[in-house]
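The values are calculated or read from the model by the stated rules, or taken from the named source; none is laboratory data. Everything quoted here is computed from the prediction, not taken from an experiment. Note that we place each Cβ from the backbone using ideal geometry, even for glycine, and neighbour counts take in every protein chain shown. Surface accessibility is based on the protein's heavy atoms, side chains included, excluding ligands, DNA and RNA. Shrake-Rupley method; radii C 1.70, N 1.55, O 1.52, S 1.80 Å.
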Amino acid sequence: LESYKHSDICLGIREGAAFNGNGLLTATCRTDDADQVFAARAPADAGAILHPTPQPTAPPIVEPVDGWFPHKMSKWQTTAWCKWAGVQGDGFEYRWFGGTTPCGRSCCRRPTSTPPQTAQDKEAMQRRRGSFLVLGDWGYDEKQHYLSPACAHAIADKMLVWMRRLGDVKFIVNVGDSFYPNGVYSKSDPQWQTKWRDVYHPEVRSVPWYSVYGNHDYHVDPLGCSDDVFRGAQVNPDENNLDYFVMPNYTYFKEMKDLDLEMVALDLNRYMDAWDKKKSHKDLKFTDCQWTPCKSKKACFDRMKARSDASLDLFYERHAKSSAKNLLVFSHYPTDYFAGVEEGFLSALRDRSKHAILYVGGHRHSTDTWSTEPITPNQNWLVGGGGGWSCDSDDQGFIVGEVSEDFTLKTYSVLVPRDVCCPIKDKAAV
């Protein structure tokens, strides 16, 4: 058989050699005119030689290098995330080395003993009355979005790191668009679990999330078509029930005497089209009524106008009556939406004669102070870069508020890199 295989007669093995168990090797060879079967005797153990029985092999033992092990990334984790992540709140440090060591061409992780607070963090905490976080536009949906799923998760992980680092976070302000693309229909909606509880660590949800409705939140929420506030899927007046946001009404206020601060939450969804400066005040309406099941769209428009009017009335009332040094005012919309249509509101936000005012809003997907209408000498932030929908700037993340011993309010942002959030081409969508 060997001689034929290398001869001019047998031009090539067609099906290979097979051992029939009786000491006979057979092979089909193609000659220049036909297929022919050739046979040859072989040793009795030739079968074992030709067809060895596969032996199970143990998986290779991966020895850690300086404690680093390969990390199998989840469906939302990316190389960009691994390169940035560093020490996370899950007790691990992540790093991308590249090349072939110590984890091959994969993400590495190792246990870390890095304490959640440094000595400097603890010293700073002793000089504060407390702190809080602010977030918006974070309700990421796998099927409808314009950014990486790593974004919302990375921001959520960083919130955990900062909660532990600060050590005195009292609450979180959520400016809405919490469940893209259409909100939740009830408190049994599975999105409470998949988009909030499964994304944000229990420690991050261990303080109240004081919230307002964004435009997307109203689409399927019964409150969009009802005047009964307790039909709202996100409405929850019980501050001890942290399985949901805290939202006693669509507009409300809360005094926090230990921080010398009063919070004023506003539903200003009537102004969702106020980015269009060609529209007059009377032309503004909640155009997302078109996505609600309301039988009368006009009734929906009127309802949202009434809620915005009631919210502004509440703000003016608390601006006049509150004795707090600090007012924390928030809605779903940034200050530039009110330029030219609610100048009285902007004027009141700029008034520092009685209160130091911090205003925060979302809707546009960035976390910054540079894209909004200034309310100097008071503070103003856009906080719509929560990782839920798209990237309107490189600045994606959340903000921190710190209240010092003398009740002075300081704010700053905590951002994640753009390539973690926005590796795909952005689309202008709100």
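Please pick out the residue among Ser390, Ser366, Ser347, Ser322 that is polar (S, T, N, Q) and open to solvent by 20 Å² or more (accessible area, probe 1.4 Å).
Ser347
Can Gln193 be described as free of Cβ contacts under 8 Å to residues at least 12 places away in the same chain, out of contact with any Gly (no Cβ under 9 Å at 6 or more places or on another chain) and open to solvent by 30 Å² or more (accessible area, probe 1.4 Å)?
Here the answer is yes, as Gln193 does meet what is asked.
Return the total of residues in the range 335-344 being open to solvent by 40 Å² or more (accessible area, probe 1.4 Å) and part of a loop (DSSP other than H, G, I, E, B).
Residues in the range 335-344 being open to solvent by 40 Å² or more (accessible area, probe 1.4 Å) and part of a loop (DSSP other than H, G, I, E, B): 1 in total.
Anything in the range 197-236 that is part of a loop (DSSP other than H, G, I, E, B) and free of Cβ contacts under 8 Å to residues at least 12 places away in the same chain? List them, or say none. Steps first, please.
Initial filter on the range 197-236 (part of a loop (DSSP other than H, G, I, E, B)): 198-208, 212-215, 219-221, 226-228, 232-235.
Of everything in the range 197-236, those that are part of a loop (DSSP other than H, G, I, E, B) and free of Cβ contacts under 8 Å to residues at least 12 places away in the same chain turn out to be Asp198, Pro202, Ser226, Asp228.
What is the one condition in (1) part of a loop (DSSP other than H, G, I, E, B); (2) open to solvent by 10 Å² or more (accessible area, probe 1.4 Å) that His332 does not satisfy?
His332 satisfies all of (1) part of a loop (DSSP other than H, G, I, E, B); (2) open to solvent by 10 Å² or more (accessible area, probe 1.4 Å) except (2).
Which count do you get for residues in the range 350-363 that are in contact (Cβ under 8 Å) with a residue 12 or more places away in the chain and either open to solvent by 30 Å² or more (accessible area, probe 1.4 Å) or within 20 Å of the chain's Cα centre (by Cα) (or both)?
8
Step by step: first the residues of the range 262-306, then only those that are touching a Lys or Arg at 6+ places or on another chain (Cβ under 6 Å) and either under 30 Å from Lys170 (Cβ atoms) or in a helix (DSSP H, G or I) (or both), then the one that is most open to solvent (accessible area, probe 1.4 Å). Which residue is that?
Lys305
Scan the range 239-261 for residues that are in a strand (DSSP E or B) and within 25 Å of the chain's Cα centre (by Cα) and jot them down.
The answer is Val246, Met247.
Evaluate the range 58-66: report whether one residue or more is among the charged types (D, E, K, R), under 30 Å from Val161 (Cα atoms), at pLDDT 90 or above and not in a helix (DSSP H, G or I).
No, there is no match, as no residue in the range 58-66 is among the charged types (D, E, K, R), under 30 Å from Val161 (Cα atoms), at pLDDT 90 or above and not in a helix (DSSP H, G or I).
Considering only the range 143-158, state which residues are closer than 20 Å to Gly91 by Cβ and in contact with an Asp or Glu (Cβ under 9 Å, 6 or more places away or on another chain).
Asp157
List pairs: first in the range 285-312 and closer than 12 Å to Cys225 by Cα, second β-branched (Val, Ile, Thr) and surrounded by 13 or more Cβ atoms within 10 Å (Cβ to Cβ), Cβ under 8 Å, 6+ apart or cross-chain?
Close Cβ pairs satisfying both conditions: Thr292/Val220; Pro293/Val220; Cys300/Thr292.
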